[in-house]
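Okay, so here's the structure we're looking at.
The values are calculated or read from the model by the stated rules, or taken from the named source; none is laboratory data. Source: prediction; values computed, not measured. Here the Cβ is made from the backbone with ideal geometry for all residues, glycine too, and neighbour counts use every protein chain on show. All accessible areas refer to the heavy atoms of the entire protein, side chains included, with ligands and DNA or RNA removed. Shrake-Rupley method; radii C 1.70, N 1.55, O 1.52, S 1.80 Å.
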Amino acid sequence: MTLFSKKDYELINLGVCIKNQADRLDIEHEGVPLEGVVVRIAEAAIAARREAVRLMTADVEVRRHDA
């Protein structure tokens, strides 16, 4: 008899992976419910994408100006 089903084990493992990713991204997660950690990671990803788009747009404008 096993304590956890494969699905339970996979979900627990996913939770651990999400918290580990938060650590790597330096996102606070202590005492935060898992869904809150996912939201914080998503917000950080959205902010990073916005910054990348802003930088790419600025680079295109500089190249256009220099041409």
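Inside the range 22-46, residues that are open to solvent by less than 70 Å² (accessible area, probe 1.4 Å) and either at positive phi or not β-branched (Val, Ile, Thr) (or both) make up a count of 7. Could you please tell me which pairs satisfy a Cβ distance under 8 Å, a separation of 6+ or placement on different chains, a first residue in the range 1-26 that is more than 30 Å from ALA47 (Cβ to Cβ), and a second residue that is of a type in the set (A, V, I, L, M, F, W, C) and assigned to a helix (DSSP H, G or I)? From residues that are more than 30 Å from ALA47 (Cβ to Cβ), the pairs are PHE4/ILE12.
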